[in-house]
Structure formats: structure tokens, C-alpha cells
Amino acid sequence: MQLTPEQVKERLDKRGFLALEIPENLDLSTEIKRLKKKKNAVLLAHYYQDGVIQELADYLGDSLYLAQVAEKVSNETIIFAGVHFMAETAKIINPNKKVLLPDLKAGCSLADSCPPIDFKKFIDQYPGAHVVTYINCSAEIKALSTIVCTSSNARRVIESIPEEETIIFAPDKNLGNYLIKETGRDMILWDGSCIVHEAFSFERIVTLSKSYPNAKFIAHPESESQVLEIADYIGSTSGLLNYVQESSATEFIVATEAGILYEMEKRCPKKMFIPAPIQDETCACSECAFMKLNTLEKLYLCLEHEKPEIKLSNKLIEKARLPIIKMLELG
Ligand code: 13P
Ligand code: SF4
């Protein structure tokens with residue numbers, strides 16, 4: 001049934017996705033592949049998505065890789081299986097494309113921890129400071145930035161700023177503290193964090209490591225400093241993937257969102273990956289509830305009806321674009 005644009009608008013319910021019935025027995029993966037072709041759409045997916053969505057992706061990667069891809073793709077439509085700031089970034093760097101996000105409520109605790117009005121007041125206290133923002137923030141925050149970074153290139157971005165200059169780093173204080181140690185730069189930090197990476201339990205990781213004495217403990221830099229201090233390797237999602245592939249170890253305790261294990265197991269079927277334990281003893285791993293809002297059903301409906309779409313004013317795109325382009329030019 002083809003709906004009129006008015007009907008589609010009506011059914012875009014308050015939860016941020018199209019609440020429509022899907023015919024029974026529909027093979028959603030096949031339908032999604034068909035719709036991608038029909039609509040000249042490209043599917044970009046982050047490693048934190050469910051495996052079934054990762055399998056459908058035309059491009060699968062970390063935040064930096066997906067931003068690089070979004071800048072270059074020639075398809076009419078980009079459908080993003082990730083969170084809101086990722087789809088927003090794609091729209092900012094490739095504004096003539098239609099950018100779709102299966103559920104507009106797929107936010108990010110880090111992005112939410114940095115409201116633009118408060119952040120503007122914060123940076124105004126340090127006139128002349130370079131404002132380096134982690135890509136996990138809203139378009140409004142990017143528009144207030146000197147340069148954007150991701151966990152893959154943060155060190156390179158910080159080191160591109162002359163040593164005598166003042167740096168404000170936002171919104172992730174854990175990544176910020178890690179970078180201060182790595183680069184020796186004394187940065188002013190915004191007090192934000194990721195609920196998924198702050199959930200890891202230092203005590204339970206130590207106990208688990210004793211049961212797996214040969215396992216390497218690897219962590220994403222959004223984790224707390226106490227956890228990072230005991231890590232054998234710290235890196236972005238793609239960094240962690242490269243590490244497990246290249247390491248001679250065969251067992252790994254992994255402190256990042258559990259979706260990454262799907263690609264790790266695929267690339268290294270003979271190695272063992274154990275999700276790092278979290279403080280809540282009733283859960284086996286840390287999952288990002290925002291990332292997991294994307295489902296096959298929502299992907300299908302989003303492609304079929306080309307909604308929900310990311311919409312940004314030209315003025316905001318113009319302002320937020322420069323700091324992202326600066327980052328992309330650093331490589
Ligand atoms: P990377 O993809 O840069 O590793 O970041 C992880 C993350 O938290 C994305 O939301
Ligand atoms: Fe945001 Fe953390 Fe989820 Fe990444 S894992 S999208 S930083 S809440």
C-alpha cells in the first residue's frame with residue numbers, strides 16, 4: 001500500500017519511527033536489499049549494530065570511516081544504521097543527499113551531556129581557546145567547534161594544534177583524560193560521558209582476568225581511567241578490531257559495546273572474545289540502547305517510506321561543516 005506523504009507524516013509517531021504494519025512472512029533482509037537498489041540508497045552501519053544489520057551494510061565501520069564514506073558516496077540516499085549524531089554528520093558533509101535514520105530517538109548519552117546553550121557559556125570563559133569536539137555531539141556543538149575528532153584520530157587532531165595554544169575538549173571527559181595522558185597537553189575538559197562505557201566494573205574485570213590469565217584486556221577510550229589503566233590495548237572500535245586480528249593472543253576481554261564482538265568473531269573465528277563485565281550483575285555485557293533502537297523492521301519501513309529524514313537548516317550545515325572538513329583533511 002503506497003501512503004500519501006500526509007499519511008506517512010501522521011504515522012511518524014512520537015517515538016521517532018514509522019509505526020506501520022509490516023505484511024506477515026515478509027523476508028525483511030531481501031526486501032531491504034531490493035529497496036536499496038530501487039531507491040539508489042546506500043546503507044552505512046556502525047559496528048555496534050546487531051549482526052543482522054551489519055550483514056546488510058554496504059559500508060560497515062567506526063565513526064571516522066563512516067564519516068569518510070558519507071562524504072564520498074554518490075547514491076541519492078544515505079540510510080544510517082547508527083545513531084543521530086552520525087546521520088547528522090553525514091547530512092552536514094554531504095548536504096545534497098537525503099539522509100535517513102530508522103529511528104530519530106537513536107540518540108547518544110554523550111551528545112545529550114552537552115547542551116549547546118551551556119556549552120556556549122562554557123567556551124566563552126576561555127576566549128581564544130581551540131574547541132576540539134568528539135564527533136559524538138550535536139550539530140549545534142559542532143558549529144561551536146574549531147575542529148572535530150573521533151576516537152581513531154583524536155591524538156592526531158590534538159597534535160595538529162600548536163603547543164602553546166589552549167584547548168577545550170568536549171564532550172567526553174574519559175577520552176579527554178586519556179588524551180591528556182597520551183599527548184601531554186593540558187586540556188580543559190567538559191564533564192560528559194558515555195553510559196555504555198562507564199558501565200564497566202573495574203573489580204569484575206580484575207576478577208574475570210584472573211580466570212583467563214592469557215586473555216588480553218582491550219578497551220575503548222570512552223571507558224573510565226581506572227579501567228583504561230589495566231588495559232593491554234586502548235583504541236577505537238576499528239583499532240580494537242585491528243589489534244585482535246594482529247595479536248598472537250587467542251583470548252580477549254573486550255570493554256566496548258558488545259555489537260563489536262560480531263565482527264571480531266567473524267574476522268577471527270578461532271579466537272575467543274569475552275565481553276567485559278559491567279556493574280549490573282544481571283547483564284552479561286554493555287549494550288547501547290540507542291544503537292539497538294535500529295531494527296530490521298524499522299530499516300525496512302524507513303527505506304520504503306523514505307522517513308524519518310535528517311533535516312538541518314542551511315545555516316547550521318554551513319557552520320558545522322568546517323570543523324568536520326578540517327578533521328577529514330587531516331586524514
Ligand atoms: P568509534 O566508532 O569512533 O570507535 O566510537 C564508538 C562510539 O561510541 C560510537 O558511538
Ligand atoms: Fe553514545 Fe555511548 Fe551509545 Fe556510542 S555507545 S552512541 S557514545 S551512548
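The values are calculated or read from the model by the stated rules, or taken from the named source; none is laboratory data. These numbers were taken from a predicted model, which means no experiment stands behind them. Using ideal geometry, Cβ is built from the backbone for each residue, glycine included, and neighbour counts are taken over all protein chains shown. These accessible areas exclude ligands, DNA and RNA; they are computed on the full protein's heavy atoms, side chains included. Shrake-Rupley method; radii C 1.70, N 1.55, O 1.52, S 1.80 Å.
Summed over the range 187-204, residues that are more than 16 Å from ligand 1 (Cβ to nearest atom) and not in a loop (DSSP other than H, G, I, E, B) total 5. Taken across the range 168-178, residues that are assigned to a strand (DSSP E or B), modelled with pLDDT of 95 or more and of a type in the set (D, E, K, R) do occur, with at least one present.
Let me confirm something: among SER63, SER74, which residue is among the hydroxyl-bearing types (Ser, Thr, Tyr), more than 13 Å from ligand 1 (Cβ to nearest atom) and closer than 29 Å to ARG267 by Cα? First the steps, then the outcome.
Details: SER63 fails: more than 13 Å from ligand 1 (Cβ to nearest atom).
Answer to the selection: SER74.
Which condition number does ILE218 fail, the rest of (1) buried (at least 23 other Cβ atoms within 10 Å of the Cβ); (2) in a loop (DSSP other than H, G, I, E, B) being met? Failing condition for ILE218: (2).
Number of residues in the range 224-238 that are open to solvent by 20 Å² or more (accessible area, probe 1.4 Å), under 18 Å from ARG155 (Cα atoms) and either in a helix (DSSP H, G or I) or out of contact with any strand residue (DSSP E or B) (no Cβ under 6 Å at 6 or more places or on another chain) (or both): the value is 4. Taken residue by residue, the range 185-208 has at least one member that is within 16 Å of ligand 2 (Cβ to nearest atom), open to solvent by 60 Å² or more (accessible area, probe 1.4 Å) and under 18 Å from ALA154 (Cβ atoms). Within the range 239-277, the residues that satisfy the criterion of being of a type in the set (A, V, I, L, M) and open to solvent by 10 Å² or more (accessible area, probe 1.4 Å) are ALA249, ALA258, LEU261, MET272, ILE274.
As a summary of the residue check, THR282 satisfies the conditions (1) more than 16 Å from ligand 2 (Cβ to nearest atom); (2) at pLDDT 95 or above except for the one numbered (2).
Of the residues that sit in the range 98-109 and are farther than 10 Å from PHE290 by Cβ and open to solvent by less than 20 Å² (accessible area, probe 1.4 Å), which one is nearest to ligand 1 (Cβ to nearest atom)?
From the range 98-109, those farther than 10 Å from PHE290 by Cβ are 98-102, 104; that's our starting set.
Keeping just the survivors that are open to solvent by less than 20 Å² (accessible area, probe 1.4 Å) gives 99-102.
Working: VAL99: 17, LEU100: 18, LEU101: 14, PRO102: 16 Å.
Applying the filter and picking the extreme gives LEU101.
The residue that is farthest from ligand 2 (Cβ to nearest atom), counting only those in the range 56-83 that are touching a Lys or Arg at 6+ places or on another chain (Cβ under 8 Å) and open to solvent by 20 Å² or more (accessible area, probe 1.4 Å), is GLU76.
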